[in-house]
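What follows is a set of notes on a single structure, which appears directly below.
The values are calculated or read from the model by the stated rules, or taken from the named source; none is laboratory data. Bear in mind that the values here come from a model prediction, so they are computed numbers and not experimental data. A quick note on method: Cβ atoms are made from the backbone with ideal geometry, for glycine too, and the neighbour counts reach across all protein chains shown.
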Amino acid sequence: MTNNQLKVKMKRQARQRRTRLKIRNSLARPRLAVHRTSKHMYAQVIDDATHRTLVSSSTMSKEFRAVEPRLKGKKAAEWVGKDIAEKAKAAGVTTAVLDRGQYLYHGRIKALADAARGNGLIL
């Protein structure tokens with residue numbers, strides 16, 4: 001690894017640690033964990049008290065492939081946010097804490113969170 005790559009990796013790890021420390025203080029609510037790759041978005045609502053995933057959604061799911069197979073970027077993130085909010089409400093979850101991990105709150109992460117809020121999930 002080059003020196004620049006190490007700096008980028010260290011910054012990401014520091015962001016992730018900072019985010020997780022803030023979330024650890026609010027164990028009363030489940031967390032909405034978000035992961036993104038260059039092609040796909042993944043979101044899951046996790047109850048840390050029981051260590052179980054309550055609901056999940058992604059651009060890899062069969063529902064997404066059946067409804068919107070060609071969506072990409074922010075539009076796909078909005079679909080995942082809407083879907084995770086609907087599934088969470090059906091499972092009885094109304095509030096959650098956003099766990100963005102190492103990712104900055106902009107772009108696709110922000111689109112997913114805004115869509116989840118717009119569909120009734122309190123973040």
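Some notes on this structure:
- Exactly one residue among ALA96, ALA77, ALA85 is modelled with pLDDT of 90 or more, surrounded by 20 or more Cβ atoms within 10 Å (Cβ to Cβ), farther than 16 Å from ILE122 by Cβ and under 16 Å from the mean Cα position of the chain (by Cα), and that residue is ALA77.
- Condition check for ASP114: out of contact with any Gly (no Cβ under 8 Å at 6 or more places or on another chain), surrounded by 13 or more Cβ atoms within 10 Å (Cβ to Cβ) and modelled with pLDDT of 95 or more: no
- Inter-residue pairs, beta-carbon under 7 Å, first within 20 Å of ILE109 (Cα to Cα) and in the stretch 1-27, second modelled with pLDDT of 85 or more and basic (Lys, Arg), 6+ apart: THR19/ARG100; ILE23/ARG31
- Every pair of residues 6+ apart whose Cβ atoms lie under 6 Å, when the first sits in the stretch 85-102 and is at positive phi while the second is surrounded by fewer than 17 Cβ atoms within 10 Å (Cβ to Cβ): GLY101/GLN16
- When ARG31 is tested against (1) farther than 24 Å from VAL8 by Cβ; (2) of a type outside the set (Val, Ile, Thr); (3) surrounded by fewer than 16 Cβ atoms within 10 Å (Cβ to Cβ), just one condition goes unmet, and that condition is (3).
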